[in-house]
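Every read-out reported here was derived from the displayed coordinates using simple, explicitly stated rules and does not represent laboratory data. The shown structure was predicted, so the numbers you read here are calculated from the model rather than taken from an experiment. Note that we place each Cβ from the backbone using ideal geometry, even for glycine, and neighbour counts take in every protein chain shown.
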Amino acid sequence: MKQYLVLAAAGLLSLSLSAQKKKADLLLHNGKLYTVDAKFSVASAMVVKDGKILEVGDSKTLRTAYDATETIDAGGKAVYPGLIDAHAHFLGYGLGLQSADL
């Protein structure tokens with residue numbers, strides 16, 4: 001009887017410790033993610049859901065914690081989340097301002 005109680009307790013404990021993976025749309029791993037925070041931290045993975053970055057961290061931890069619809073292996077390449085190329089050709093812009101907009 002005592003053995004059954006121990007086995008039942010062990011089974012219940014293992015069920016309570018097994019956590020479900022969180023859902024995400026995208027898991028990017030195996031990269032060099034420059035987070036551009038105050039410490040200019042570098043991570044190896046990031047998780048995205050509904051167009052927002054949920055978490056950045058190391059690949060092993062995030063791949064264990066999340067179940068993503070799409071998984072991308074960055075192949076060790078650099079990733080800059082949120083970098084937008086907002087440039088203008090000022091000469092052309094200035095010349096355009098001097099003409100009539102009909």
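Here Lys32 is the anchor, and the lysines within straight C-alpha reach of less than 19 Å, apart from those fewer than 8 places off in the same chain, are Lys52, Lys60, Lys77. Both radii are taken from the alpha-carbon atoms of region 21-83; with Rh as the Kirkwood radius, Rg/Rh is 0.94. On the beta carbon distance between Lys22 and Ile84, with R0 = 25 Å, the FRET formula returns roughly 0.35. How high is the FRET efficiency between Ile72 and Ser41 when r is their beta carbon distance and R₀ equals 30 Å, given to the nearest 0.05? The pair Ile72/Ser41 has a calculated efficiency of 0.90.
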